[in-house]
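Below: one structure, written as structure tokens.
The values are calculated or read from the model by the stated rules, or taken from the named source; none is laboratory data. Note that the structure is a prediction, hence the values are computed from the model and not measured. Cβ placement follows ideal geometry from the backbone for every residue including glycine, while neighbour counts extend to all protein chains displayed. Areas reflect the complete protein model, heavy atoms only, side chains present, ligands, DNA and RNA absent. Shrake-Rupley method; radii C 1.70, N 1.55, O 1.52, S 1.80 Å.
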Amino acid sequence: MLKTRILTALALLAILLPVLYSNNYAAFAVVASVFFGAAIWECFRLFNPGTGKATLIAAFWTAAFVYAFFVSPNPNPVFWFAISVLLWALRFAPSLKLGLPPLNSTGNTFLSLVYAIAVVGCFAAIVEMYRHSPLYLLSVMAIVWAADIFAYFSGKAFGKRKLAPSISPGKSWEGAIGGGIAVLVLATLSVAFAADTLADTFPVRVQASLGWAALYLVLILIVAASVVGDLFESQLKRRAGMKDSSNLLPGHGGVLDRVDALVPVLPLAALIGARL
């Protein structure tokens with residue numbers, strides 16, 4: 001399993017990094033659209049397991065995404081960022097406490113559409129951040145990756161109090177806090193010692209525009225959002241009786257399994273970045 005996971009990760013990097021830095025917008029559009037289509041397909045599978053309708057629905061949403069963000073002359077991405085942030089604050093985060101509607105219910109159908117909108121917001125943020133610069137996009141993703149990696153090791157070393165035992169028993173408060181502290185330390189070091197080299201990264205830009213206190217507040221909010229995104233997808237999988245959102249990425253599960261924490265984070269970061 002570990003060998004498969006590593007090989008898949010290397011293959012993804014071999015595809016994604018050249019596309020990001022090739023200055024070929026058409027190639028980026030194709031790759032982004034393919035990953036969006038996969039994520040939205042997995043989304044509807046989680047909400048409607050076993051119905052066989054996900055492929056047709058995903059094709060429609062993918063065509064709409066391509067038109068809205070790669071064909072339309074006025075994509076208005078800030079609208080998608082704002083609506084995504086509101087959806088996470090008002091609907092998805094509360095569901096971790098309140099639970100999800102039953103499968104095959106009207107509430108579930110509505111929630112599937114709302115979550116699909118959040119996925120659109122995530123990929124709209126990817127497109128907009130890429131247009132700014134690949135480094136800027138990767139710098140936001142790196143915050144989530146660092147939080148996740150250090151949360152894992154902090155949880156292994158110190159984890160005692162379960163964060164959400166009924167949703168994801170392996171996550172602990174100590175792990176989440178450890179991941180957040182690591183992000184704050186790494187961001188502080190990057191701003192203090194590499195601000196010129198990393199001038200076009202998210203933490204450096206936030207600190208330069210808003211100051212240290214605002215940077216720490218924004219980073220804490222981003223780490224919290226990443227945890228909520230991870231837990232929400234775990235909640236969907238547990239309800240659907242699925243271990244992974246799909247098996248598209250051997251050793252990793254599905255696309256949503258890899259971007260679940262990014263779905264709330266990227267629109268939030270893009271919305272903040274649009275105001276810098």
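Here V66 fulfils each of the conditions (1) modelled with pLDDT under 95; (2) surrounded by fewer than 20 Cβ atoms within 10 Å (Cβ to Cβ); (3) assigned to a helix (DSSP H, G or I) apart from (1). Could you tell me whether K171 is open to solvent by 20 Å² or more (accessible area, probe 1.4 Å), over 18 Å from L137 (Cα atoms), assigned to a loop (DSSP other than H, G, I, E, B) and in contact with a strand residue (DSSP E or B) (Cβ under 9 Å, 6 or more places away or on another chain)? Criteria not met by K171. Only one residue in L7, L86 is closer than 29 Å to L135 by Cα, part of a helix (DSSP H, G or I), modelled with pLDDT of 95 or more and open to solvent by 90 Å² or more (accessible area, probe 1.4 Å). Which one? When all the criteria are applied, what remains is L86.
Would segment 33-40 turn up any residue that is among the hydroxyl-bearing types (S, T, Y), surrounded by 12 or more Cβ atoms within 10 Å (Cβ to Cβ) and touching a residue at least 12 places away in the same chain (Cβ under 8 Å)?
Residues of segment 33-40 that are among the hydroxyl-bearing types (S, T, Y), as a first pass: 33.
With surrounded by 12 or more Cβ atoms within 10 Å (Cβ to Cβ) added as a condition, the list becomes 33.
Imposing the further condition that a residue be touching a residue at least 12 places away in the same chain (Cβ under 8 Å) reduces the set to 33.
Checking segment 33-40: at least one residue is among the hydroxyl-bearing types (S, T, Y), surrounded by 12 or more Cβ atoms within 10 Å (Cβ to Cβ) and touching a residue at least 12 places away in the same chain (Cβ under 8 Å).
One residue stands out in segment 223-241 among those that are of a type outside the set (K, R) and more than 21 Å from P267 (Cβ to Cβ): the one that is surrounded by the fewest Cβ atoms within 10 Å (Cβ to Cβ), namely G241. Under the condition of being closer than 27 Å to L271 by Cβ and open to solvent by 50 Å² or more (accessible area, probe 1.4 Å), the residues counted in segment 43-56 number 0. When the residues of segment 186-222 are filtered to those that are open to solvent by less than 70 Å² (accessible area, probe 1.4 Å) and among the β-branched types (V, I, T), the one that is farthest from A274 (Cα to Cα) is T188.
Answer yes or no as to whether S22 is under 28 Å from S234 (Cα atoms) and out of contact with any Leu (no Cβ under 7 Å at 6 or more places or on another chain).
Working: under 28 Å from S234 (Cα atoms): no; out of contact with any Leu (no Cβ under 7 Å at 6 or more places or on another chain): yes.
Here the answer is no, as S22 does not meet what is asked.
For P264, state whether it is open to solvent by 40 Å² or more (accessible area, probe 1.4 Å), touching a helix residue (DSSP H, G or I) at 6+ places or on another chain (Cβ under 7 Å) and at negative phi. Please lay out each step first, then the result.
Values: open to solvent by 40 Å² or more (accessible area, probe 1.4 Å): no; touching a helix residue (DSSP H, G or I) at 6+ places or on another chain (Cβ under 7 Å): yes; at negative phi: yes.
Here the answer is no, as P264 does not meet what is asked.
Regarding G179, is this residue crowded, with 18+ Cβ neighbours inside 10 Å and closer than 16 Å to L163 by Cβ? Don't jump to the end; show me each part of the working.
Details: crowded, with 18+ Cβ neighbours inside 10 Å: yes; closer than 16 Å to L163 by Cβ: yes.
When the stated conditions are applied, G179 passes them.
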